[in-house]
Amino acid sequence: MAKIEIIKGDITRLHIDAIVNAANNSLTGGGGVDGAIHIAAGPELLRSCKLLEGCETGDAKITKGFNLPAKFVIHTVGPVWQEGKTNENQLLASCYKESLMLAVRNNIRTLAFPNISTGIYGYPKPQAATIAFETIQAFLINHQQIDRVICCCFDEENLKIYRELYDKGIVAVRVFSPLAIETTSKLAEKIWHEHYVPMIGIEQVSYMVNSFQSVKAIGNQINNENYQYYIIYHQSEPAGYIAIKPMGEELFLSKFYIIQEKRGTGLGKKGYDFISKKAKEFGCKSITLTVNKNNINSIKAYRKFGFEIENPVITDIGSGFIMDDYKMRSRLDTD
Ligand code: ADP
């Protein structure tokens with residue numbers, strides 16, 4: 001289900017649970033979207049804001065919406081752009097995250113954000129949009145109480161940037177919560193059936209899904225075995241998943257799958273770029289994986305990413321099933 005919407009318009013007109021205000025530290029009103037919200041909400045908003053005694057940059061506070069069609073206003077204070085020298089990225093991400101947390105705490109299910117900090121505060125728009133988009137997406141995956149988040153763009157330039165991000169964007173989001181684990185397990189079941197049944201038959205696939213990608217198995221890998229799972233989102237929909245495990249100088253790529261209907265959209269390449277980036281962050285010098293010998297397409301795709309076959313690996317996975325794989329390795333340039 002798509003949860004993020006990009007629209008162009010005046011945020012003060014939206015009939016939703018809450019709108020977010022790009023406020024300043026004093027919370028006593030200002031120009032831009034802040035001024036527009038105070039005018040539309042009426043003087044009671046200012047009275048209510050004064051009781052909050054200001055707000056730190058990156059934090060958020062809530063009031064009622066008064067004369068606005070929205071029930072609540074979440075006031076957050078974005079950072080002033082200072083050439084990226086004052087932690088602006090973290091502070092901007094924090095604005096989105098804290099606003100969403102306040103929304104969850106107040107049972108708000110639909111909310112709209114303006115393009116925080118991209119007006120008077122001078123943040124570069126493409127960078128602000130990327131942070132906004134990724135932070136919102138990441139939050140939604142682990143908090144399924146929220147139904148809809150609107151990115152309300154006021155100017156054409158922001159609208160174009162957000163649309164592009166939405167269309168082309170891939171976001172890989174770390175899996176932590178039980179709900180996200182359940183989503184991953186469901187994705188695994190769908191993908192493994194699509195992918196492996198023609199290769200190894202339904203019996204073995206069902207056995208493998210139940211043993212290795214059940215909610216319990218994934219939870220155990222994440223919590224006890226040092227695996228990191230990521231869901232790959234495309235246009236706000238789960239499109240695939242990745243599981244990696246750092247092992248000294250080598251990153252073991254345990255799972256990397258894209259669902260059938262999202263193939264050919266460039267997600268494979270983007271997913272692989274994400275994996276290489278992670279490998280470098282861990283200080284790994286190569287990425288290894290095992291792939292079924294019959295899986296000609298995947299072997300071809302991995303070759304394109306720079307993987308080479310090292311040796312055959314035969315694994316007894318129990319219940320009379322055997323995995324007949326190759327081990328492949330890709331060395332990373334580490335300069
Ligand atoms: P900041 O100080 O955080 O930069 P601004 O209000 O100056 O806050 O700008 C934030 C964004 O809000 C800008 O992209 C601006 O175009 C947009 N904006 C201004 N008025 C509205 C409005 N009525 N609805 C939605 N967005 C608006």
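A few comments on the model shown:
- Residues in region 15-37 that are more than 9 Å from the ligand (Cβ to nearest atom), open to solvent by less than 40 Å² (accessible area, probe 1.4 Å) and under 21 Å from Leu100 (Cα atoms): 5 in all.
- Single residue of region 282-312 satisfying the filter (surrounded by 14 or more Cβ atoms within 10 Å (Cβ to Cβ) and of a type in the set (Val, Ile, Thr)) that is farthest from Ile258 (Cα to Cα): Ile309
- The condition of being within 18 Å of the chain's Cα centre (by Cα), open to solvent by 10 Å² or more (accessible area, probe 1.4 Å) and without any contact (Cβ under 8 Å) to a residue 12 or more places away in the chain holds for only one of Glu164, Glu134, that being Glu164.
- Residues in region 94-131 that are closer than 20 Å to Pro69 by Cβ, among the small types (Gly, Ala, Ser) and more than 9 Å from the ligand (Cβ to nearest atom): Ser99, Ala103.
Yes/no matrix, rows are residues, columns are (1) modelled with pLDDT of 90 or more; (2) more than 27 Å from Thr265 (Cα to Cα); (3) surrounded by 15 or more Cβ atoms within 10 Å (Cβ to Cβ):
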| residue | (1), (2), (3) |
| --- | --- |
| Asp155 | yes, yes, no |
| Ala180 | no, no, yes |
| Val197 | yes, no, no |
| Gly219 | yes, yes, yes |
| Glu225 | yes, yes, no |
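- Each residue in region 183-195 was checked for being in contact (Cβ under 8 Å) with a residue 60 or more places away in the chain and open to solvent by 30 Å² or more (accessible area, probe 1.4 Å), and 3 of them qualify.
- Going through (1) within 16 Å of the ligand (Cβ to nearest atom); (2) touching a residue at least 24 places away in the same chain (Cβ under 8 Å); (3) open to solvent by 20 Å² or more (accessible area, probe 1.4 Å); (4) on the phi < 0 side of the Ramachandran plot one by one, Lys71 falls short only on (1).
- Region 313-335 - residue that is in contact (Cβ under 8 Å) with a residue 40 or more places away in the chain and among the small types (Gly, Ala, Ser) and, of those, surrounded by the most Cβ atoms within 10 Å (Cβ to Cβ): Ser330
- Residues satisfying the stated conditions in region 140-192, i.e. away from the ligand (no atom under 16 Å from the Cβ), within 26 Å of Ile74 (Cα to Cα) and part of a strand (DSSP E or B): Arg148, Val171, Val173
- Scanning region 236-281 for residues that are hydrophobic (A, V, I, L, M, F, W, C) and open to solvent by 70 Å² or more (accessible area, probe 1.4 Å) yields a single hit, Met247.
- Those residues of region 1-54 which are within 30 Å of Gln144 (Cα to Cα) and among the acidic types (Asp, Glu), in sequence order: Glu5, Asp10, Asp17, Asp34
- Filter result for the condition that a residue is among the hydrophobic types (A, V, I, L, M, F, W, C), in contact (Cβ under 8 Å) with a residue 12 or more places away in the chain, surrounded by fewer than 20 Cβ atoms within 10 Å (Cβ to Cβ) and in contact with a His (Cβ under 7 Å, 6 or more places away or on another chain), over Leu46, Leu52: Leu46
- Restricting region 45-60 to residues that are of a type outside the set (Ser, Thr, Tyr) and in contact with a strand residue (DSSP E or B) (Cβ under 8 Å, 6 or more places away or on another chain) leaves a set whose member that is farthest from the ligand (Cβ to nearest atom) is Leu52.
The values are calculated or read from the model by the stated rules, or taken from the named source; none is laboratory data. Because the structure is predicted, anything quoted here is derived from the model rather than measured. All Cβ positions, glycine included, derive from the backbone under ideal geometry; neighbour counts span all protein chains shown. For accessibility, only protein heavy atoms count, side chains too; no ligands or nucleic acids. Shrake-Rupley method; radii C 1.70, N 1.55, O 1.52, S 1.80 Å.
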